[in-house]
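Values in this text are rule-based calculations from the coordinates and carry no lab data. Note that the structure is a prediction, hence the values are computed from the model and not measured. We place every Cβ from the backbone using ideal geometry, glycine too, and count neighbours over all the protein chains shown.
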Amino acid sequence: MLINKRLIAAHFWLAFIVFGVALVLGAWQMFVRSPLNAWHFNPEFYYRSVTAHGSAMGYVFPTLIAMGFGYAITEASLEKELVGRRWAWVGFFLVAVGAVVAMIPVSLGLASVLYTFYPPMVGNPFYYIGVVMVVVGSWIWVALMVTNFVIWKRENPGKPVPLAMYANVAGSLLWGWTAVGAALEILFQILPVALGLKSTIDAGLARVFFSWTLHAIVYFWLIPTYIAYYTIFPRAIGGRLFSDAMARISFILFVVVAMPIGVHHLFADPQVGAGFKFMHSVFTGLVALPTLLTVFTICASAEIASRLRGGRGAFGWIGALPWSNPIMLATALSLVMLGFGGAGGLINMSYQLDATVHNTQWITGHFHLIFGGAIVIMYFAIAYDLWPHLTDRALDSFGLMRTQLWLWFIGMIVTTFPWHYVGILGMPRRMAYYDYANPAISPQALSVTMSAIGGFILLLSGLLFLLVLIRGQFGARGEAGAYRFAVPLHMPERIPVALNSFGLWLALMVGLTVVNYGFPIAQLMALNETSVPAVYVGAGR
Amino acid sequence: MASETDHSLGEAVAARIERRWATLSIVIVGVLVGMATYIGIHQATMPQGRVETADPKTLHLSGEFVESNLGSEMQADGSVTVRAIGQQYSFTPQCIVVPAETPITFRATSADVVHGFLIEGTNINTMLVPGYVTDLPVRFKAPGDHVMPCQEFCGIGHQGMWGKVKVIDKAAFRDMAAAKRRLTCVD
C-alpha cells in the first residue's frame, strides 16, 4: 500500500534524470580519451566532466534511489503511512538544491577536483557546500527510516520487522555512519581552506577520512539491489525466498564489516602503516561473506520458483525460469556481473595483487562493473517493478525492457572487460589524453576503442530506459493492487532479538570503526609538520 | 499433521544446506586471507612499515630531497637508492636510471599535491602524498625501458605527467656510478 506516491516518484524521477545527464558525460569521456577522437580539445573540460559524472553518479543518483525506495518499503512493508512526510520533502529538496549548488561551480570549471576531492587541491566552496547539502538531505532520510522502524516496533511488540524494512534500516544506518568520514574531511579540513580561513591542509589525514566513506558508500549503493534480490525477485518470478534469517544475517554483516575496511584504498599510501593496512585487508575479505551467502539464497529461491513451474533436473530447472520476465532477466544479468566484479574485488583486497592494478583502469573497470553493472541494473528492475504502483498505469513494454536490460549488460561487459585488461597493462586512470602513437601505449589503443563503443551501447540503453518510464506515465490506467514483497519458504514465527534489532550491530559497527580507524587518525593528528599549502584550482587562476 | 511434519522436515533440510554453504563461504574467505598473509610474511611483500614526513615547503632548501641529491645512488652494500619528487606536472628526475637484478629502494615525495607513479610492465605502483615520504623496495629483472605515468589525478595537466625508467645492465650501472654520485638517464 503506497500512500505518498508523489514523494516516491519525485525521488525516482530526479534520480534517473541525474543519471541520464551523467551517463551522457560518461559516454563523452569514453570517446574523447579514446583513439576514436582525432581532434584536440581542452583537457580541463574532461576533468570538469569527470567531476560532474562522479559526483552525480556517486552522491546524488544512488542516494535518491535509496531514499525513494526506502520510503516505498516503509509504506508497503509496514502497511501504514510514512511518519514524517514533510521532513521527507525537506530532505528531497536539500538533495535537489545541493546537487545544483555543487554542479554550478563544477560546470564553470571552478571545482575540477573530481568527486574524491583530492586535497590539497581545493576548489570553489560551493561545490563542497552542495555535496554537504546532499548528505544532510540523505541524513534526514536516515532519521526517518529509524523513526518509522522504532514506532512500528513499539506498536507491534514481539513481531518480526518485515525483511525489506529491516534491510532498508540497515542500509540507512550504514550510510548515516559511513558519510561521517567525508563530512569530517569537508567540514574540518577542506571548507575552512576553500573559504579562505586557513591555507594549509593535511592531505594524508584527508585521504584517511575519505577512505572511511569511500568504501562503505559502495555497500550503501548496493543495499537497494540486495533488497530487490531478496524481496522483489522471488515474488516477481512466482517463488519463495529460501531463507529469511540468512537474509537478515547478510544485511547485518554489511552493517558490521563494511565500515572498517576503507584503508584498502590506501594500500599504496605512505601515511598509514602496514599493520592497519593488514587489518583492513582481512576485513575486506570478510565483506565477501554476505555476498557469497546472498548468491546462494537467491539461486536457491530461483530454483524453488522454477520447480513450482515444473522445472526438472539438476540444471534443467534453469531453462524453466520465466526468462521473459524483466525482473528475472535483470537479476540474472546482475548476478553475472556481480560474479565478475566480486572476483575482481577479491583480487584488489590483497595488497600484493593490488600493487599491479592500483589506480589503473582496472579499478575504473572494477567499480563500473559492480556499481554501474550489478547494482544499477537492479535499480532499473526496482523502477520497472514499482512504476505501475506509482503511476496507477500499466507498464507493459516488456520487449523494450528486455532489450534495454540486455543492452545494459552487453554495454557494461564491452566497456569494463577491456578496461580491466588495459589496467593490467598499466594504463593509469583519469587522464584526459593518451599518446597512442607512443610505442609503450599503442598496444592499449584497441581495447580503449572497444571500451568507448561499450560506452555508447550503455548510453543507448539508458535512453531506452527513460523511454520505458516515460511511456509508463502515459499507459492505460489500471489499479496495480497492493505492493508486496517475497514471502519466505518457512515463515519465521519467532525471531531472535538480534535479527530483529540493531543495537548490538550498531555498537559493533562503531566499535570496529574506532578500532580500525582510531589509531591511524590519532597518529596523523598528532604529527605536526604534515599540513601542506593548499593548491587552489579553477579556471582563470 | 503430516504436512506439519513435512514442513519442519523441509525446514531442517533447508537449514542444513544453508549451514554447509555458509561454512564453505567462510573457508573460501579464510583461504584467500591466509594466502595473502602467507605471501606477505613469507616473501616480505608488505606495504611500507612506518610513516615518515617531509615538509614540501622546504624540500628544495635542505634535507634528503634537495635537487642535488635526487637520482640514483649506489650504496656501499651494492644496493641502489632512488630519490625522486613529483610535482605538477612532472617528475624529477624525469628519466630514472637503475640497474637490473639489484635491490633498489625508491624514496619519493610530492612538492605540491597528491601524485603517484606506476612503472608499466612491472608491479611497482605507489602514491606520493605531500608531507609524507614514500619508501618502496623494488627489483627489476631485466634491462629495458618503461614508461612511468602519474596515476593519481593531480590537476588539469595530469595527462602530461609521464616519467621514464631506464633499466640497464648491472655492470654498466656500476661504471656510471664510479664517475658520478647521483645518476639520471642524462649522465
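Selection of segment A:372-427 for residues being in contact (Cβ under 8 Å) with a residue 40 or more places away in the chain, among the small types (Gly, Ala, Ser) and assigned to a helix (DSSP H, G or I) yields A:GLY372, A:GLY373, A:ALA374, A:ALA381, A:ALA383, A:GLY411, A:GLY423. For segment A:309-339, give me each residue that is within 20 Å of A:PHE417 (Cβ to Cβ) and out of contact with any helix residue (DSSP H, G or I) (no Cβ under 6 Å at 6 or more places or on another chain). Within segment A:309-339, A:ALA332, A:LEU335, A:VAL336, A:GLY339 meet the criteria. Name the one entry in A:VAL468, A:VAL448 that is within 14 Å of another protein chain (Cβ to nearest Cβ) and surrounded by 17 or more Cβ atoms within 10 Å (Cβ to Cβ). Only one candidate passes the filter, namely A:VAL448.
In segment A:484-491, is there at least one residue being outside any strand (DSSP E or B), of a type in the set (Lys, Arg), surrounded by fewer than 16 Cβ atoms within 10 Å (Cβ to Cβ) and within 14 Å of chain B (Cβ to nearest Cβ)? The answer is no, given that none of the residues of segment A:484-491 is outside any strand (DSSP E or B), of a type in the set (Lys, Arg), surrounded by fewer than 16 Cβ atoms within 10 Å (Cβ to Cβ) and within 14 Å of chain B (Cβ to nearest Cβ). Checking each residue of segment B:154-161 against the condition of being assigned to a strand (DSSP E or B), touching a residue at least 12 places away in the same chain (Cβ under 8 Å) and more than 24 Å from B:SER62 (Cβ to Cβ) gives no match. Of all positions in segment B:4-18, none carries a residue that is outside any helix (DSSP H, G or I) and more than 10 Å from every other protein chain (Cβ to nearest Cβ).
Taking segment A:272-302 as the region of interest, how many residues are assigned to a helix (DSSP H, G or I), in contact (Cβ under 8 Å) with a residue 60 or more places away in the chain and more than 23 Å from B:ILE28 (Cα to Cα)? Qualifying residue count, segment A:272-302: 1.
Selection of segment B:137-153 for residues being out of contact with any Phe, Trp or Tyr (no Cβ under 7 Å at 6 or more places or on another chain), among the hydrophobic types (A, V, I, L, M, F, W, C) and buried (at least 19 other Cβ atoms within 10 Å of the Cβ) yields only B:PHE140. Each residue in segment B:109-135 was checked for being assigned to a strand (DSSP E or B) and touching a Pro at 6+ places or on another chain (Cβ under 9 Å), and 14 pass.
Condition check ((1) touching a residue at least 12 places away in the same chain (Cβ under 8 Å); (2) of a type outside the set (Gly, Ala, Ser); (3) touching an Asp or Glu at 6+ places or on another chain (Cβ under 6 Å); (4) under 27 Å from A:THR530 (Cβ atoms)) across all residues:
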residue	(1), (2), (3), (4)
B:THR102	yes, yes, no, no
B:ASP112	yes, yes, no, yes
B:THR122	yes, yes, no, no
B:LEU128	yes, yes, no, yes
B:GLY144	yes, no, no, no
B:VAL147	yes, yes, yes, no
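Does any residue of segment B:74-94 turn out to be facing chain A (nearest Cβ under 7 Å), out of contact with any Ser or Thr (no Cβ under 8 Å at 6 or more places or on another chain) and not in a helix (DSSP H, G or I)? No, segment B:74-94 has no match at all.
If the condition is being in contact with a Pro (Cβ under 9 Å, 6 or more places away or on another chain) and either assigned to a loop (DSSP other than H, G, I, E, B) or at the interface with chain A (Cβ under 9 Å from one of its Cβ atoms) (or both), then segment B:137-153 contributes B:ARG139, B:PHE140, B:PRO143, B:PRO149, B:CYS150, B:GLN151, B:GLU152. Working carefully through the options A:VAL60, A:VAL106, A:VAL83, find the one that is in contact with a Leu (Cβ under 9 Å, 6 or more places away or on another chain) and part of a helix (DSSP H, G or I). So the residue among A:VAL60, A:VAL106, A:VAL83 that is in contact with a Leu (Cβ under 9 Å, 6 or more places away or on another chain) and part of a helix (DSSP H, G or I) is A:VAL60.
Scanning segment A:3-39 for residues that are closer than 30 Å to A:TYR71 by Cβ and assigned to a loop (DSSP other than H, G, I, E, B) yields A:ILE3, A:ASN4. Mind counting the residues in segment B:29-58 that are in a helix (DSSP H, G or I), more than 7 Å from chain A (Cβ to nearest Cβ) and either farther than 18 Å from B:PRO137 by Cβ or in contact (Cβ under 8 Å) with a residue 12 or more places away in the chain (or both)? Here the count works out to 6.
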